[in-house]
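Some notes on the structure that comes next.
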Amino acid sequence: MTDTPIRVAVVDDHPVFRLGMGALLDTLAGIECVGEAADASTAVALVARVRPDVVLMDLHLGQGSGIEVTRLLRRDHPSVRVLVVSMLNDDASLVAALRAGARGYLLKGASAADVERGIRGVAGGDLILGGPLADRAGALLGARADAPFPQLTDREREVLELLARGLSNPLIAHRLGLSAKTVRNNVSVILVKLHLGSRAEAIALARDHGLGAPSPAEAPATPVPDRSA
């Protein structure tokens, strides 16, 4: 047993959310807020300076991506645990966050008790998923042999999923924390592997196989013309 508090940093581009989360953390016994950041570069510098035990990470950080920050923290500070707290309730965001190294995923709107359990859980080495996310993550991260297009890598399947939702390359890049060039390359590889001639054919085929259905929290996406692939 130790009396050392769990040291938590909050990364979110909304000042009201940071303020509210900081106030909540101050009420939790054995948990200490050691810093806040509003963007990706500040978050990386903050973690390097204060070395928190847990980072509460939003996925949208203005021009930056919480997915990419999570990936960097996992690489440079493997002892730091990332607990995503996001409005995004779609499968692609959940899977991308976990593959980047997040140890938990809560939706904004989670109760104070859920946030406390999440912080204590990931600090202790557990994988924490809020509400219905647990069942979905198990299915999504399970065996991929039965998934459509087994010839695609996990990353290529994520890109195809977002293509099928009508997202443009820049939006896919932002969502997955990738460069636009990487997304273009992924789209080109997808077309080659699936023997398709165009982006529109890839979208149609993906939807025929059940990809691209919006989650309950998302409005259906309208296809966006994209000439970059």
Test set (1) in contact (Cβ under 8 Å) with a residue 40 or more places away in the chain; (2) charged (D, E, K, R); (3) surrounded by 21 or more Cβ atoms within 10 Å (Cβ to Cβ) - E116 fails condition number:
(3)
Kindly indicate whether A217 is within 28 Å of G104 (Cα to Cα), in a loop (DSSP other than H, G, I, E, B), at pLDDT below 90 and open to solvent by 40 Å² or more (accessible area, probe 1.4 Å).
yes
So for the range 20-40 (the condition being assigned to a helix (DSSP H, G or I), open to solvent by 20 Å² or more (accessible area, probe 1.4 Å) and over 18 Å from I119 (Cβ atoms)), does at least one residue qualify?
yes
The range 84-100, residues that are at pLDDT 90 or above and not hydrophobic (A, V, I, L, M, F, W, C)
S86
Can you find a residue in the range 138-153 that is modelled with pLDDT of 90 or more, open to solvent by less than 40 Å² (accessible area, probe 1.4 Å) and either under 16 Å from L211 (Cα atoms) or within 17 Å of the chain's Cα centre (by Cα) (or both)?
no
Per the filter on the range 46-67, residues in a loop (DSSP other than H, G, I, E, B) and closer than 17 Å to A123 by Cβ are R51, P52, D53
Out of curiosity, is S79 over 18 Å from I31 (Cα atoms), modelled with pLDDT of 85 or more and not β-branched (V, I, T)?
no
Output the number of residues of the range 68-92 satisfying the condition of being in a helix (DSSP H, G or I) and buried (at least 24 other Cβ atoms within 10 Å of the Cβ).
3
From the option list G64, G109, single residue qualifying as of a type outside the set (A, V, I, L, M) and more than 16 Å from V11 (Cβ to Cβ) is G109
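Would you say A43 is among the small types (G, A, S), modelled with pLDDT under 90, assigned to a helix (DSSP H, G or I) and surrounded by 22 or more Cβ atoms within 10 Å (Cβ to Cβ)?
Spelling it out, it is not the case that A43 is among the small types (G, A, S), modelled with pLDDT under 90, assigned to a helix (DSSP H, G or I) and surrounded by 22 or more Cβ atoms within 10 Å (Cβ to Cβ).
The values are calculated or read from the model by the stated rules, or taken from the named source; none is laboratory data. No experiment lies behind these values; they were computed from the predicted model shown. Every residue, glycine among them, receives a Cβ derived from its backbone with ideal geometry; neighbour counts consider all protein chains shown. Note: areas computed on protein heavy atoms with side chains; ligands, DNA, RNA excluded. Shrake-Rupley method; radii C 1.70, N 1.55, O 1.52, S 1.80 Å.
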